[in-house]
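Worksheet for the structure shown next.
Coordinate-derived values only; no laboratory data. Fair warning: this is a prediction, and the values are worked out from it, not measured in the lab. Cβ: placed from backbone, ideal geometry, glycine included. Neighbour counts: every protein chain shown.
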Amino acid sequence: MEETHYSVAIDGPSGAGKSTIARAVAERFGFRYVDTGAIYRTVGLAAKRVGCAMGDEAAVKALLSGLDVNIGYGVKGEQREYLNGEDVTELIRTPEISKRASDVSAMPCVRAFLLEMQRSLGRRMSVVMDGRDIGTVVLPDANIKIFLTANVERRAERRYRELREAGLPVSLEEVLRDIEARDEHDTKRAAAPLSVAPGAIVVDTSDLTLAESIEAVCGVVSAGLGAKA
Ligand code: DC
């Protein structure tokens, strides 16, 4: 008998806690966590390495034809990103690559290039997939769709703490400006802009701790699986 696969789509703006929460939810339900932002970051790194100018879609399009972007899972079950076979997991987390990822993710050629890869992951296994267009474009038939958000100040504080902990010398003002700029770019772009998918449940984590946010999302998933399983 064919195994049933479930899919949970989690979309939302930068710094809403998507990856931490999605990873915890995946673990709770025994699903694979798929971080699609990391895949866009990998393309952003590739564009930076070959010296594409920001916004130069023709150059990025030419680059894609020879590009091998893949994900795998490490010994602890963590997602790892590969660019032409090289493990770039640690190289894609800088503020510069955040900007590059936002830039390339607005390009229809990049979205088209990554679409089938993301969909096939959802077909092969039960997933909690997070991104910006998972419920709207990548997995429109996901069993459960969640839009995870928080106010911009709270998101900036969280991202600031993460970057400082990673040893990056950023200021809170800089992070806030970056998040506002990325919000603007991600919601206003023509190609798959960030929006609440039809049927998605909105979870606002502004006033929730991480543990409370995880419980809130797990509650939505349990209720949804109970109804659909
Ligand atoms: O979630 P993140 O910060 O790692 O995402 C990096 C960039 O990629 C961000 O600007 C939004 C974009 N992105 C996207 O357009 N679609 C996705 N499914 C995931 C990320």
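Below, the figures for the structure above:
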{"read-out": "Ordering of 90-98, 182-190, 127-135, 153-161 by burial proxy (mean other Cβ atoms within 10 Å per residue, highest first)", "value": "127-135, 153-161, 90-98, 182-190"}
{"read-out": "Options LEU139, VAL202, ALA216, ranked by Cα towards positive dipole end of the range 139-229, top entry (Cβ charges)", "value": "LEU139"}
{"read-out": "DSSP-assigned coil residues among GluC sites (Glu not before Pro) in the range 1-73, each with at most 16 further Cβ atoms within 10 Å", "value": "GLU2, GLU3"}
{"read-out": "Pairs of lysines in the chain (C-alpha under 16 Å apart; 8 or more residues apart or interchain)", "value": "5"}
{"read-out": "Student exercise, the range 170-229 dipole from Lys, Arg, Asp, Glu Cβ charges, in Debye to nearest 20", "value": "440"}
{"read-out": "Unit charges on C-beta of K, R, D, E only; dipole of the range 18-127, Debye", "value": "380"}
